[in-house]
Structures are given as C-alpha cells and as structure tokens.
Amino acid sequence: MERTNDAAAWTELGQRLVLERDLVSLAGIAALPRLMLLASGSTEARHLAGEVMERAAGHHGGDELLADGARAIAEFGALLDRHLQSRPVDYLVTFRALLAVEEQYHWASVLGDFTDDFFDLACPHCAVEVIIAIGDYGRYSAVRDWNLGDVDRRDLRPAAVEELSGVGRWMRETAVRDGQGVLADGIAHLFGKAECPRCASVFTVSDEYEAANRPVLR
C-alpha cells in the first residue's frame, strides 16, 4: 500500500481484498484503517476503501474490527462528503461509498446513474413480479415478458420534496446540493410510488425494495 502510484499493485491488492459475488475478505476489513488513512491523497485507496465498505454487511468475520474502526469510518464518510461537493468525475462511485458508510448497503450496491436502471420487486398486494424502470427510456412499472419486453407500463409517481424523509431525503438533498440533477430526479422516482400492472394497487418503490434487500446487520 505504500506504492500509492503503482496501478498494478493496487489492482492486485483489490483482487486480494474484494472477492467475487460481492464478498470481501477478512483481510479487506483489517486493511480499512490504512486505506482510509491513505484516502485523502490517493484515489485508488479511496475507491478500494469504498468497495470494501460496500461489502461490509456480508459474512467476513470482521465485525469486531468494524466496530473498533467506527471513528475512522466516520472520518472517511466526512472525506467522501467533501469530495462529493467538489463535483468530481467519480461522483457516483463516491456517493455509493458514502451510502455504505451510512450502512445503506442495499442502495450502495445497486444505485446507478439512472440512465438504464431496473429494480425487480414483488407487488405487496398480489405478489406478481414487477419491473421498475428509471432511465432515459422512461420511468415506469411493468411486467416483463421475455418475448414482448416490458408490457402494461404504468408511469411512476415521483416523491415530492415534502414527502421525502430519512435516507431518501438525505440522498436527494445531497444530489441537489452537488448539482446532480439526473441523480436527484432518479432518487425522487425511486422513493416515489408505483402502480402494479396486474392489480392496480399503489405502493412505495423504496419500501418494497428495502423490505426485500436490506441486510440484517449483526
């Protein structure tokens, strides 16, 4: 980790610390304090620390190490937030890392730039599988037919500013603060309402996604 400008060394380190299938090694958790220390002066360290944090809810055997590093993690979060305010080219990568620091692992792992984003949900009323699309091609709920594509589309209803609370409000306010209009609009739709194409019931997209995907933290 001392060779901060050695791209090959960082690639090799990442392969050792961040495993396949969105897993992280115990060594990755143990390396977090050092990575976070280097993060202020190293893009590679900042990105790798973010990748490790995004997987911190998994089974890695390092829960005590995470607890002991709470102060360093909080300081890393402050660094990430300052970086966001500079409107960097790696904005989305940094935003996702900050979500992980805030223990919003389910959003950190899936949040995209809302040009081509899809979320699979089960309707809470009739249990049919619903596709939520938020992108340049449209913002809708639908049922996916493998031959016909997304059928029976219903427009999403974005959340108004005054309707947002908790993490949804914070996510949108952060994006607005940093001039990320597309991201802010996508978040408003993600935390807004969708209509089930089968039973016509209306539900909150984020609530159903969180219920199915938010990890149980130990």
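The values are calculated or read from the model by the stated rules, or taken from the named source; none is laboratory data. Remember, predicted model here, so these are calculated numbers, not experimental data. Neighbour counts are summed over all protein chains in view; Cβ atoms, including those assigned to glycine, are modelled from backbone coordinates with ideal geometry. For the accessible areas, the whole protein counts, side chains as well, though only heavy atoms, and no ligand, DNA or RNA atoms are used. Shrake-Rupley method; radii C 1.70, N 1.55, O 1.52, S 1.80 Å.
Within the stretch 54-76, does at least one residue satisfy the condition of being closer than 18 Å to Val167 by Cα and free of Cβ contacts under 8 Å to residues at least 40 places away in the same chain?
Yes, the conditions are met somewhere in the stretch 54-76.
For Asp155, are the conditions met, namely being open to solvent by 50 Å² or more (accessible area, probe 1.4 Å) and without any contact (Cβ under 8 Å) to a residue 12 or more places away in the chain?
Taking the combined requirement at face value, the residue does not satisfy it.
Among the residues of the stretch 172-197, which ones are more than 16 Å from the chain's Cα centre (by Cα) and surrounded by 15 or more Cβ atoms within 10 Å (Cβ to Cβ)?
Val176, Asp178, Gly192, Lys193, Ala194, Glu195, Cys196, Pro197
Output the number of residues of the stretch 122-180 satisfying the condition of being of a type outside the set (Ser, Thr, Tyr), part of a loop (DSSP other than H, G, I, E, B) and modelled with pLDDT under 95.
Count: 4.
List the residue pairs whose Cβ atoms are under 9 Å apart, where the first residue sits in the stretch 195-212 and is in a strand (DSSP E or B), the second is of a type in the set (Val, Ile, Thr) and modelled with pLDDT of 95 or more, and the two are 6 or more positions apart or on different chains.
Matching pairs, first to second residue: Glu195/Val202; Phe203/Val130.
Please count how many residues of the stretch 101-118 are open to solvent by 10 Å² or more (accessible area, probe 1.4 Å), assigned to a loop (DSSP other than H, G, I, E, B), of a type outside the set (Asp, Glu) and in contact with a helix residue (DSSP H, G or I) (Cβ under 7 Å, 6 or more places away or on another chain).
Residues meeting the conditions: 2.
From the list Leu190, Leu111, which residue is modelled with pLDDT of 95 or more, of a type in the set (A, V, I, L, M), under 30 Å from Glu51 (Cα atoms) and in contact with a Lys or Arg (Cβ under 7 Å, 6 or more places away or on another chain)?
Leu111
With respect to the numbered conditions (1) of a type outside the set (D, E, K, R); (2) surrounded by fewer than 21 Cβ atoms within 10 Å (Cβ to Cβ); (3) not in a helix (DSSP H, G or I), which one is the sole condition not fulfilled by Leu79?
Among (1) of a type outside the set (D, E, K, R); (2) surrounded by fewer than 21 Cβ atoms within 10 Å (Cβ to Cβ); (3) not in a helix (DSSP H, G or I), Leu79 violates only (3).
Might you let me know whether the stretch 162-171 holds any residue that is out of contact with any Pro (no Cβ under 7 Å at 6 or more places or on another chain), of a type in the set (Lys, Arg), free of Cβ contacts under 8 Å to residues at least 40 places away in the same chain and open to solvent by 20 Å² or more (accessible area, probe 1.4 Å)?
Scanning the stretch 162-171, I find at least one residue that is out of contact with any Pro (no Cβ under 7 Å at 6 or more places or on another chain), of a type in the set (Lys, Arg), free of Cβ contacts under 8 Å to residues at least 40 places away in the same chain and open to solvent by 20 Å² or more (accessible area, probe 1.4 Å), so the answer is yes.
Have a look at Leu92, Leu121, Leu98 and point out the one that is within 21 Å of Glu51 (Cβ to Cβ), open to solvent by less than 20 Å² (accessible area, probe 1.4 Å) and either of a type outside the set (Lys, Arg) or in contact with a strand residue (DSSP E or B) (Cβ under 9 Å, 6 or more places away or on another chain) (or both).
None of the others qualify; the one that does is Leu98.
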